[in-house]
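Taking it in order: structure first as structure tokens, then the write-up.
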Amino acid sequence: MDELSRLFRLAADHAADYRRSLPDRPVGAPIGQAASVGAFSGPLPATPSPPPQVVADLLAAAEPGLVASAGPRYFGFVVGGALPAATAAEILAAGWDQLAFNAVTSPAAMAAEAAAGGWLKELLGIPASASVGFVTGCQAANTVGLAAARHQVLAEAGWDVERRGLLGAPPVRVLAGAERHGTIDRSLRLLGLGADVVEPVPAGPNGAIDLESLREVLRAGPPGPTIVCLQAGNVNTGACDQLRQACELVRRHGGWVHVDGAFGLWAAASPATRHLVDGLELADSWACDGHKWLNLPYDSAFAFCARPDVHAAAMSYAAAYLVGSGGAPAGADLTAESSRRARGFAVWAGLRELGRDGVSALVDRCCALARRFADGLTAAGFEVANEVVLNQVLVGFGDDARTDRVVAAVQADGTCWAGGTTWRNRRLMRISLSNATTTEADVDRSVAAITRLAA
Ligand SMILES: *Cc1c(COP(=O)(O)O)cnc(C)c1O
């Protein structure tokens with residue numbers, strides 16, 4: 001074997017060993033950040049080092065500070081694992097080092113995005129004519145979707161925002177649910193609209209937007225450029241906005257609907273949960289993550305737009321003659337990046353690995369595990385604070401201080417990992433079931449550990 005093969009094989013073998021260790025290793029990081037900093041610090045080397053030595057040093061420095069978030073008992077934030085074929089595709093993508101700018105720089109990368117994009121739209125029930133930008137995360141997907149929204153609502157008011165910016169532009173109204181994800185605000189900041197532009201719409205009991213309030217807030221303002229941000233999958237409760245009714249309301253008023261569906265949009269992929277996102281096809285743009293519930297490796301997300309021309313008008317800087325395909329906008333025309341890595345290979349591989357049935361089963365399994373978690377903790381005498389409609393469970397252990405103590409004890413224990421959150425002015429443990437490898441036994445073991453630590 002030559003040196004390069006030995007080097008790559010060393011990295012791949014190590015990654016596989018690590019993956020195999022996930023079900024059994026403590027879930028939190030064995031060492032804290034300070035120790036990790038120590039392991040990586042040191043002077044900039046003056047001279048080159050042999051690659052095998054560099055990889056060996058990296059393994060030694062990184063290993064103790066790794067968090068087993070790809071494993072079956074990590075329930076923090078909304079974090080998925082990474083499917084085997086998708087991970088292998090990611091390794092190949094690194095090996096191929098493709099520039100996914102357009103069809104001239106990598107026909108294969110563009111073709112993978114096109115094929116995977118078609119499959120994604122089919123699975124999610126997004127119109128086949130929509131465009132798809134392959135981006136880093138749902139933060140980026142929200143930014144792209146809202147950039148398209150900004151373009152269109154201002155174009156309809158006779159204003160070319162790409163050329164003229166926002167100075168002197170007609171005012172843009174932005175309505176969003178009171179329990180929207182923080183990335184919506186950051187996207188609005190980056191787009192020059194500012195976070196204060198948001199007219200918050202109160203949420204109903206489980207965290208979905210209240211339709212009557214949406215109607216009132218829409219009516220309360222003047223007609224003209226209006227963007228409405230809806231949500232599929234409240235990051236605390238999992239609740240999905242009633243997309244059909246909300247889209248119809250906005251349509252009557254006039255305006256662009258953007259749906260932040262980082263994880264909740266995947267409800268569309270199972271017949272059992274599809275009703276939760278009924279009507280999603282009526283929206284104008286959608287943001288969805290691959291690296292959360294679909295269990296693709298980081299980083300991977302999708303910005304869909306019902307109007308490819310609007311999508312490209314908002315994002316592309318390339319003159320038509322530069323776009324190698326000469327056809328529909330693709331690749332870097334649909335994202336905020338210019339040079340990009342080839343994310344489409346891992347998406348294509350992950351979707352082939354699961355197939356339609358596998359994606360639907362993954363969604364169903366996580367929802368069933370979330371109910372099992374909730375039932376287990378309820379039976380142990382704790383309070384489940386949300387209606388468990390999807391893969392998210394919120395648990396209270398008495399007063400806020402006690403809940404925080406239980407969360408800290410669970411994180412230190414290492415059997416499983418769950419985060420703390422504040423929802424409706426209460427501290428709660430947030431448990432997200434998003435990993436394809438989690439089993440009923442993992443849930444039962446975690447319930448037992450949490451019960452023991454809370455006692
Ligand atoms: C996670 C999440 C985001 C942000 O996604 P990233 O992939 O972290 O950029 C946005 N919205 C919702 C509802 C989320 O759950």
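The values are calculated or read from the model by the stated rules, or taken from the named source; none is laboratory data. This is a predicted model, so every value here is computed, not measured. Counting neighbours? That spans all protein chains shown, and the Cβs are built from the backbone with ideal geometry, glycine included.
For Ala313, state whether it is assigned to a helix (DSSP H, G or I) and within 16 Å of the ligand (Cβ to nearest atom).
Spelling it out, it is not the case that Ala313 is assigned to a helix (DSSP H, G or I) and within 16 Å of the ligand (Cβ to nearest atom).
If you check Ala89, Ala82, which single one turns out to be part of a loop (DSSP other than H, G, I, E, B) and under 25 Å from the mean Cα position of the chain (by Cα)?
Testing whether each residue is part of a loop (DSSP other than H, G, I, E, B) and under 25 Å from the mean Cα position of the chain (by Cα) leaves just Ala82.
Tally up the residues in region 428-446 that are free of Cβ contacts under 8 Å to residues at least 12 places away in the same chain and closer than 12 Å to Phe397 by Cα, please.
So the count comes out to 0.
Of everything in region 278-288 that's over 10 Å from the mean Cα position of the chain (by Cα), among the hydrophobic types (A, V, I, L, M, F, W, C) and surrounded by 24 or more Cβ atoms within 10 Å (Cβ to Cβ), which residue is nearest to the ligand (Cβ to nearest atom)?
Result: Trp286.
For region 431-455, enumerate the residues that are in a helix (DSSP H, G or I), crowded, with 18+ Cβ neighbours inside 10 Å and hydroxyl-bearing (Ser, Thr, Tyr).
Ser446, the sole residue that qualifies.
Answer yes or no as to whether Phe397 is buried (at least 19 other Cβ atoms within 10 Å of the Cβ), more than 24 Å from Leu22 (Cα to Cα), free of Cβ contacts under 8 Å to residues at least 60 places away in the same chain and over 27 Å from the mean Cα position of the chain (by Cα).
Spelling it out, Phe397 is indeed buried (at least 19 other Cβ atoms within 10 Å of the Cβ), more than 24 Å from Leu22 (Cα to Cα), free of Cβ contacts under 8 Å to residues at least 60 places away in the same chain and over 27 Å from the mean Cα position of the chain (by Cα).
If only one of Ala449, Ala454 is over 22 Å from the mean Cα position of the chain (by Cα) and touching a residue at least 40 places away in the same chain (Cβ under 8 Å), which one is it?
Only one candidate qualifies: Ala454.
All but one of (1) at pLDDT 95 or above; (2) surrounded by fewer than 24 Cβ atoms within 10 Å (Cβ to Cβ) hold for Pro223; which doesn't?
Only one criterion in (1) at pLDDT 95 or above; (2) surrounded by fewer than 24 Cβ atoms within 10 Å (Cβ to Cβ) is unmet by Pro223, namely (1).
So which of Gly376, Gly358 ends up being under 20 Å from Ala82 (Cβ atoms) and either more than 16 Å from the ligand (Cβ to nearest atom) or of a type in the set (Lys, Arg) (or both)?
Gly358
Identify, please: which residue in region 120-130 is part of a loop (DSSP other than H, G, I, E, B) and hydrophobic (A, V, I, L, M, F, W, C) and is, among those, surrounded by the most Cβ atoms within 10 Å (Cβ to Cβ)?
Ile126
Going by what's in this entry, would Ser300 be described as within 10 Å of the ligand (Cβ to nearest atom) and of a type in the set (S, T, N, Q)?
Judged against the criteria, Ser300 is a match.
Kindly indicate whether Thr437 is in contact with a Pro (Cβ under 8 Å, 6 or more places away or on another chain) and modelled with pLDDT of 95 or more.
yes
Which residue out of His311, His275, His291 is surrounded by fewer than 22 Cβ atoms within 10 Å (Cβ to Cβ) and of a type outside the set (D, E, K, R)?
Only one candidate passes the filter, namely His275.
Among the numbered criteria (1) more than 16 Å from the ligand (Cβ to nearest atom); (2) touching a strand residue (DSSP E or B) at 6+ places or on another chain (Cβ under 8 Å); (3) over 20 Å from Gln231 (Cβ atoms), which single criterion is violated by Phe134?
(1)
With the condition kept exactly as written, say whether any residue in region 208-224 is within 16 Å of the ligand (Cβ to nearest atom) and in contact (Cβ under 8 Å) with a residue 40 or more places away in the chain.
no
So which residues in region 140-176 are in contact with a Pro (Cβ under 7 Å, 6 or more places away or on another chain) and within 16 Å of the ligand (Cβ to nearest atom)?
Scanning region 140-176 gives a single hit, Ala176.
What tally of residues in region 366-416 results from selecting those that are on the phi < 0 side of the Ramachandran plot and part of a loop (DSSP other than H, G, I, E, B)?
13
Sort through Asp357, Asp364 and tell me the only one that's surrounded by fewer than 19 Cβ atoms within 10 Å (Cβ to Cβ), under 22 Å from Ala269 (Cα atoms), out of contact with any helix residue (DSSP H, G or I) (no Cβ under 9 Å at 6 or more places or on another chain) and in contact (Cβ under 8 Å) with a residue 24 or more places away in the chain.
Exactly one residue qualifies, and that residue is Asp364.
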